[in-house]
Amino acid sequence: MKSFLKYTLATIVGVILASFILFLLSFGLIGAMIAAGDKPVVIQPNSVLVLKIDRNIPDRGSASPFGDFNPITMKFSPKTGLDEILENIEKAKSDENITGIYLQTGMTTPGISTIEEIRNGLIDFRESGKFIYCYSNDFLTQSSYYLGTVADSVFLNPVGIMQFYGLRSEITFYKKALDKLGIEMQIIRQGKFKSAVEPYIYEKMSRESRDQIMAFLHPIWDHMLTGISAERDIPVEKLDELANTLSINLPASAVESRLIDGLKYRDEVLDELKKLSGISPGKKVRMVSMAEYSKAPKKRKYKGLARNKIAVVYATGIITFGEGGEYSIGATRFSGAIQKAREDSTVKAIVLRIDSVTVSA
């Protein structure tokens, strides 16, 4: 019995020690990976900056070194923030090693306000004379297309899909379902335009709710059409007609309507990028991701410390008590950030960026 207890205790202690050592090794490995990832990136001549629009883009990337770590694949998948993207576009404008920007689109897109800021950054980038090439290998959404129209050329995979049917807003109503379940909603609201509770008390959209939704959808759509029209030289009326009649149902119809420049497979696109960036046919295109380019040194336009600064305070997610987190607005931390900026004599103004509900396009 004593031998059994001795060996059992030894096994338990061994498992604990092995787990502890494994934890230390894993922690050290992750730390080494983070340290390696923080090293400056050297950009080779004739490189192409890749801008992927295939996911939601936060106003700023995560400040946590473990925020982008996937424990399953043991890899870091950095989610570049809007602030980094705009800074990279500006940096690439004067970077002699960057020959142009390759804009890739996917099925998921950020909000239209984010798209607008990136689009303005690309318009400014064009002043450098460098190329912007837009390509969708699968799905070209309306907002991605609106962004892509600032490119020198827009191409779509021959078997890809393009959306162009205007903006919409959908609301699900639960009134009949609640009636069947015998549930009566008791709601107090002030004003006819407080429409958040309507799905629980009405069977369809009220006139006031419809009016306020149309009040913001129409200006956004008109603004998009104006921008597309200016870049593609297609009258706004013609663009509106294409959307209202659902004419863009096949990739070929997008070409016929002059919305895009043509249909190409990915290998053809890579060959085109080689020509644009001055790479010989037998070599690969030197592509630089946004995450990599964020680590590339930036040339300083001035020396010393700035005296007149503008502080940017980010408000992302729901409002909570305490410190909050990366994607929540903690009352203590948020008010502290404002106080810190207020007490800094070199800060002359504060820009408050609120990441709230977005309009999908």
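Bear in mind these aren't lab numbers, they're just calculated from the coordinates by the rules spelled out. Only a predicted model underlies this, so the values are computations on that prediction, with no experimental measurement involved. Reconstructed Cβ throughout: ideal geometry from the backbone, glycine too, with neighbour counts over all protein chains shown.
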Sequence order, segment 115-130: Karplus ³J(HN,Hα) from phi using 6.51 cos²θ - 1.76 cosθ + 1.60, θ = phi - 60°, Hz rounded, Gly and Pro as x, gives 4, 4, 5, 5, 4, 5, x, 5, 4, 5, 4, 4, 5, 6, x, 7
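Could you tell me which chymotrypsin sites (Phe, Trp or Tyr not before Pro) in segment 240-311 are loop residues by DSSP with no more than 15 other beta carbons within 10 angstrom of their beta carbon? Walk me through the numbers on the way to the answer.
On the way: sites: Tyr265, Tyr293, Tyr302; in loops: Tyr265, Tyr302.
Answer in residue order: Tyr265, Tyr302.
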Using alpha carbon positions and the Kirkwood radius, the Rg to Rh ratio of segment 128-241 is 1.17
Placing each pseudo-label 7 Å from Cα in the direction of the beta carbon, Arg266 and Thr346 end up separated by a distance in nanometres of 4.6 nm
Hey, rough spin-label estimate for Glu170 and Lys284, points 7 angstrom out along Cα→Cβ, what's it come to in nanometres?
4.0 nm
Using a simple spin-label model with points 7 Å from Cα along the Cα→Cβ vector, what separation in nm is obtained for Thr245 and Ile123?
2.9 nm
Give, as a single signed number, the net charge of other residues whose beta carbon lies under 15 Å from the beta carbon of Arg210, with Lys and Arg counted +1 and Asp and Glu -1.
0
In sequence order, what are the phi-derived ³J(HN,Hα) couplings for segment 226-243 according to the Karplus relation 6.51 cos²θ - 1.76 cosθ + 1.60 with θ = phi - 60°, rounded to whole Hz, with x for glycine and proline?
5, x, 5, 4, 5, 7, 9, 6, 10, x, 4, 4, 5, 5, 5, 5, 4, 6
Residues meeting the amide H criterion for Gly81 (H placed from the backbone, H to H distance under 5 Å, 5 or more places apart or on another chain) are Gly61
Under-5 Å amide H pairs with Met162, H placed in peptide plane, nonlocal only:
Leu140
Taking only Cα atoms of segment 309-355, the Rg to Rh ratio with Kirkwood Rh works out at 1.00
Between Gly330 and residues 5 or more places away or on another chain, which pairs have amide H atoms under 5 Å apart, with H built 1.01 Å from N, and which residues are they?
Thr320, Gly325
